[in-house]
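A.B. asks: What follows is a single structure, and I will ask about it in a moment.
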Amino acid sequence: MRVKVPASPPSEPRTGVPARERAAGSGAAKRPGSNLTRRQLLRLLGSAPLAAGFTWTDAEAAQAQKRAEAARTAASKAAFKPKFFTAREYAMVGILANLILPKDARSGSATDAGVPEFMDFMMVDQPNRQTAMRGGLAWIDLECQDRFDKRFLECTDAERTAVLDDIAWPQRAKPEYSAGVAFFNSFRDLTASGFWSSKMGVEDLQYIGNTMVPEWKGCPPEALKKLGL
C-alpha cells in the first residue's frame, strides 16, 4: 500500500476543517503569522462549519490537474511560483503530501506527480477553501511549536510523524485535536485526488481501460477457477 500515513477506516466520514484568519472578519484568509495564539486559532477554526472547508467536484479536480500538469511543463524552464501559498506554506504542503504518498518502487511521490501545484490551483479557483487550508497548516505549525519549540519545517521526520500520528485516525484522536484531525483527513483526500488524477497516478493504478484489444480470448482461466466455473 502506497499511503505511508494511515488512511482512515472506510466507516469514518472525512470532513474539512474551516477557518483561519480573515481580514476584518470576512474575505480571503490572511497570510499566517507567528503571533497567532492557540486560543485565537481555535476560535477561528470554530467560526464556520467543518464540512464547508474542503469540498470539490470531479470536474474541478480534473481542471486543476490539467493546469497543474501545464504548470509543471512550463516549470522546466522557470520554477513554479504558487499563487495562493506562501513559500513556507508551499514547502509544508510538499512535505505533508509526500508523507501521505511517498515515492516507492512503482511510482513517484505526491510532489513528483504535481500534487502541490494541483492544490495551489484548487485554492485559487475556490476562495472559500482558502481559510480552511491556511488554518490547517497554521494548526500543524502551532502544534509543532508547542511540542518541540520549533515549527513544522524545522522539525525532524520523527517529530513530524509524531504530530501526524495523533491526527491521522479520527476515532483514536483526542478531542483537543479535532481541528487538526478534520484538516488532515481532508488534506489527505485532496492529496489522493491530485495524485490519482495525474498521469503518474493513472499509471500507478495500472488502469487498462479504453485500450484496444485485437483478440478477445474470454475470461482468463485463473479467474474462472476462482469463481468455480
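A.B. asks: Compute the orientation-averaged projected area for the stretch 90-206 from the convex hull of its Cα atoms and round it to one decimal in nm².
C.D. replies: Orientation-averaged projected area of the Cα hull: 7.6 nm².
A.B. asks: Quick one: grab the alpha carbon gyration tensor of the stretch 173-229, order the square roots of its eigenvalues as a ≥ b ≥ c, and give me rounded if a/c is under 1.5, else prolate or oblate depending on whether a/b is larger than b/c.
C.D. replies: In terms of gyration-tensor shape, oblate.
A.B. asks: If you don't mind, another one. Starting from the Cα-Cα distance between Asp104 and Asp149, subtract it from 0.36 nm times their residue separation and give me the gain in nm to one decimal.
C.D. replies: 13.0 nm
A.B. asks: If the limit is 29 Å between Cα atoms, which of Lys150/Lys199; Lys83/Lys199; Lys83/Lys103; Lys83/Lys150; Lys81/Lys103; Lys81/Lys199 go over it?
C.D. replies: Lys150/Lys199
A.B. asks: For the pair Lys225 and Gln126, how long in nm is the line joining their label points, each one 7 Å along Cα→Cβ?
C.D. replies: Reported label-point gap for Lys225 and Gln126 is 4.7 nm.
A.B. asks: Testing the spin-label approximation: label points 7 Å from Cα along Cα→Cβ at Thr211 and Lys81. State their distance in nm.
C.D. replies: If labels sit at Thr211 and Lys81, their model points lie 4.2 nm apart.
A.B. asks: Treat the count of other C-beta atoms within 10 Å as a stand-in for reagent exposure and order Leu101, Leu137 from fewest to most.
C.D. replies: If I rank by nearby Cβ atoms, fewest first, I get Leu137, Leu101.
A.B. asks: I've got another one for you. For the ranges 177-184, 129-136, 144-151, 162-169, what's the packing order if you count other beta-carbon atoms within 10 Å of each residue, average per peptide, and put the highest first?
C.D. replies: Going from most to least packed, we get 129-136, 177-184, 162-169, 144-151.
Read-outs: derived from the displayed coordinates by stated rules, not from any lab. Please read all numbers here as calculations on a predicted model, not as lab measurements. In this analysis, Cβ positions are derived from the backbone assuming ideal geometry, glycine residues included, and neighbour counts consider all displayed protein chains.
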